[in-house]
Structure formats: C-alpha cells, structure tokens
Amino acid sequence: MRIEKNIVIPGKHQRPILADVFYNPNNEPKPVVIFCHGYKGFKDWGAWNLVAEAFAAANVFFIKFNFSHNGGTIDHPLDFPDLEAFGENNIEKELDDLETMIDWIFECEDYKDDVNLRYITIVGHSRGGGIVSLKASEDKRVAKVATWSGVCDFSKRFPAGEELLAWEETGVTYVANARTNQQMPHYYSYFENFEENKTRFNIQRAVKKLKVPHLIIHGANDEAVLIKEAFKMNRWNSNSELYILENANHTYQTKHPWKAPIMSDELQEVVDKTIGFVIQ
C-alpha cells in the first residue's frame, strides 16, 4: 500500500487544499473514492486514516482532503489554527473544493495507471454528505454517491428571528467547540452566500435529480443529524439505498483522537458496506 500525505493542491479561493491518497500501486485501474469530511472536521479526524487504509486494501484508490477553509493550515492540518479561514467558509467554497479535487485526479499524471476515472464515487460525512449530494447532481464525472450521517437540508441549520438579525448586525456569530475549547466564528457572508444560491444549495432538489447509484448510511442513534434526514433523502430518490445501523451514533462510535489500531465495529460495517457499493 502506498500512502502519500499532505499533498498541496491550489484552491479556487486563495487558500490551498491538503489531500492524502491511499492506494495499491499495482498499475491496475481502480475505482476512485473522494471523501469529504464534515463540519468541524478534517481529513485526519478520528479513524479516517484507518478508513482510507481499508479502502486501499480493497483495491480502491482513496482520496481524502481538508476543505480549503476548514480552519486547518499546510503546517498544521489538524484542528483549527486558522479561525479566520473557518469563519470565511461557505457551501459554495466547499463545492468548489470538491470540484477541484475531481479536476485534480483527472489531470494528475502521477496516478494515471492506478485510477479508473469512469468510476468516481464521492462520499461525505455529515455536512460533507450534503456537499456530495449537491455535487453528484451537477457533475457528470461522478459515477456514484454515498452519504454517511448526511444532512438533508442546509437552510434549517441557520438561525432565525432575532438571532439572525443579531448575526447580520454584528457580522459574526460564534459556535463553541467543546473538544478544542475554541469559539469558532461564522461570518454573516456565509448566510448571504446561501441566500444567493438557494436553488443550487437545495439538497432535496439535488437528490431528486440524481441519476447515479445513491447509498445513504445513517446511525439510528445519531445525536447530531437525526435519522429522519436519512429517511427524507431515501423518499426523495426512490432508487437510493438506505442502510441503517441500529446502535450507531453520528461518528459510528469513534471519536478524536482515535488511538485504537482498528475501527469500531460500527465504522467497520459502514466501510464494508460502502466498499461493496463502490466496487459492485
């Protein structure tokens, strides 16, 4: 297995994207998975490296990356040393970052003998699930899409009423990160960008338009993105497959940091199911 970490890829919004690739360098064209982390996430969170190794062991070319404005930097890709970048993030930037990653694997000569570009699956966790749902509906290079604990509606995650007015007036609101003890900013421009692109960012509209195989994985005990969101996506796309883990939480019984040498049973089940979906 070959692992290449922290590849620097120019982004479209003045900040670079850091990416990792995991694959078996056997000059055999493989299906490609591009994995998108979630909100307050990063490519090396928890057990994501073990996930990447499992896909590579199954002869899948696995790419994971940090969104350009996730709050990490080139020198410090873990956690959130760049809160200014985090505050400036928005859905459009994450869609552009995912497009950049698709462009990159199409154009990169280094891996041309090890990738089958007709079989690109995009996989997203949590908010990343919303991003891949949107991108799969608008990019014909995507062959399959899978969501892990994915959101089905971005609009319901914005404040309303007086809270929204206060955000507009101050220009910034803060969300506490209990793990890092940081107050993480969101600039009002995030909401403005959403309002300007409401139709494009409508996950229901995107999912209804999907023409590619669609796998929806969710934990029944998800405390962050309720399972009803998975049921909604499944209803919107009658050709989708819904796979529920009865006892799993939002991160499938993993956390950051993850010190164990193997995945949790729940995350292993998610990975096995997704690998089967990718290679079938």
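Does region 132-150 include one or more residues that are of a type in the set (Phe, Trp, Tyr), touching a helix residue (DSSP H, G or I) at 6+ places or on another chain (Cβ under 9 Å), crowded, with 21+ Cβ neighbours inside 10 Å and part of a strand (DSSP E or B)?
The answer is yes; a qualifying residue exists.
Return yes or no: is Val33 among the aliphatic types (A, V, I, L, M), outside any loop (DSSP other than H, G, I, E, B) and out of contact with any Ser or Thr (no Cβ under 8 Å at 6 or more places or on another chain)?
In short, no.
Pick out the one residue from Asn59, Asn116 that is assigned to a strand (DSSP E or B) and within 18 Å of Arg2 (Cβ to Cβ).
On inspection, the qualifying residue turns out to be Asn116.
Identify all residues within region 151-174 that are within 19 Å of Arg127 (Cα to Cα), assigned to a helix (DSSP H, G or I) and polar (S, T, N, Q); write none if there are none.
The one that is within 19 Å of Arg127 (Cα to Cα), assigned to a helix (DSSP H, G or I) and polar (S, T, N, Q): Ser155.
Which pairs turn up if I take residues in region 207-220 that are more than 8 Å from Glu241 (Cβ to Cβ) and look for partners that are part of a strand (DSSP E or B) and β-branched (Val, Ile, Thr) with beta carbon separation below 6 Å, at least 6 apart in sequence or on another chain?
Hits for this filter: His218/Ile244; Ala220/Ile244.
Specify the residue that is nearest to the chain's Cα centre (by Cα); the eligible residues are those in region 175-203 that are part of a helix (DSSP H, G or I) and surrounded by 14 or more Cβ atoms within 10 Å (Cβ to Cβ).
Applying the filter and picking the extreme gives Ile203.
What are the pairs, 6+ residues apart or on separate chains, where a residue within region 261-277 that is free of Cβ contacts under 8 Å to residues at least 40 places away in the same chain and over 9 Å from Ala54 (Cβ atoms) has its Cβ under 9 Å from a residue that is polar (S, T, N, Q) and buried (at least 17 other Cβ atoms within 10 Å of the Cβ)?
These pairs meet every condition: Asp265/Gln253.
For region 103-121, give me each residue that is within 21 Å of Ala58 (Cβ to Cβ) and under 20 Å from the mean Cα position of the chain (by Cα).
Hits for region 103-121 are Ile105, Leu117, Tyr119, Ile120, Thr121.
What residue, of Tyr190, Tyr111, Tyr119, is of a type in the set (Ser, Thr, Tyr), in contact with a Pro (Cβ under 6 Å, 6 or more places away or on another chain) and at pLDDT 95 or above?
Criteria check complete, one pass: Tyr119.
Please find, among Lys12, Lys5, Lys43, Lys64, the residue that is under 18 Å from His256 (Cβ atoms) and either modelled with pLDDT under 95 or in a loop (DSSP other than H, G, I, E, B) (or both).
After applying the criteria, what remains is Lys43.
So how many residues does region 239-280 have that are among the acidic types (Asp, Glu) and either part of a loop (DSSP other than H, G, I, E, B) or within 23 Å of Ala206 (Cα to Cα) (or both)?
2
Here are Lys140, Lys135: which of them is modelled with pLDDT of 95 or more and closer than 26 Å to Trp45 by Cα?
Selected residue: Lys135, the only one of Lys140, Lys135 that is modelled with pLDDT of 95 or more and closer than 26 Å to Trp45 by Cα.
Restricting attention to region 69-81, and to residues there that are more than 19 Å from Val123 (Cβ to Cβ), in contact with a Gly (Cβ under 9 Å, 6 or more places away or on another chain) and in contact (Cβ under 8 Å) with a residue 24 or more places away in the chain, which single residue is surrounded by the most Cβ atoms within 10 Å (Cβ to Cβ)?
Once the filter is applied, the top-ranked residue is Gly71.
When you check Ile216 against the structure, is it surrounded by 14 or more Cβ atoms within 10 Å (Cβ to Cβ), in contact with a Cys (Cβ under 9 Å, 6 or more places away or on another chain) and not in a loop (DSSP other than H, G, I, E, B), yes or no?
no
The values are calculated or read from the model by the stated rules, or taken from the named source; none is laboratory data. Everything numeric in this text was worked out from a predicted model, so none of it was measured. A quick note on method: Cβ atoms are made from the backbone with ideal geometry, for glycine too, and the neighbour counts reach across all protein chains shown.
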